[in-house]
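Below is one structure, written out as structure tokens; comments come after it.
The values are calculated or read from the model by the stated rules, or taken from the named source; none is laboratory data. Just so it is clear, the model here is predicted, and its values are computed rather than measured. For the accessible areas, the whole protein counts, side chains as well, though only heavy atoms, and no ligand, DNA or RNA atoms are used. Shrake-Rupley method; radii C 1.70, N 1.55, O 1.52, S 1.80 Å.
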Amino acid sequence: MSYIEAMSSGTAVLSSPNDGAKYVLDDGKYGVIADDADFTRCLLELLSVPKWRNRLASAGRQRAGEFSWRSVGACHQPIYRESMGV
């Protein structure tokens, strides 16, 4: 949730590689995924290149909307209904 919360507030996201980040950030389309060796360099670039940071922040806001409670509920509701036999 922290990635989505950051993106919804207009913050560019920098993450280490993990399944959650890869999914939410769409393999780096909506934020930066950097391994340990590149993490500091990527952080410094995000802080010093406002155009890049702002582009990621804007794209992230849009992506975060895909994880609203309404959107997530709509995706899961058919699965719950099916599992309950409704």
Exercise. Residues with amide H under 5 Å of residue 33's amide H, sequence separation 5 or more or different chain, H placed in the peptide plane at 1.01 Å from N; which?
Worked result: 15
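I'd like to verify something in the chain: which complete DSSP H helices, judged by Cα projection on the helix axis, reach 18 Å or more and average at least -1.0 on the Kyte-Doolittle scale?
Working: long enough: 36-48 (19 Å, 0.45); 50-64 (20 Å, -1.56); 69-84 (21 Å, -0.63).
Counting only whole DSSP H runs, the qualifying helices are 36-48, 69-84.
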Problem set entry | Carbon/sulfur fraction of accessible area - the chain, other protein chains in place, 1.4 Å, % | 55 percent
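Remind me, relative contact order of the chain in percent, using alpha carbon pairs under 8 angstrom and six or more residues apart?
On the way: 81 pairs, mean separation 28.6, N = 86.
After rounding, I find 33 percent.
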Exercise. Any idea what log10 I(q)/I(0) is at q = 0.18, 0.20 Å⁻¹ for the chain, Debye with uniform C-alpha scatterers and no solvent?
Worked result: -0.75, -0.87
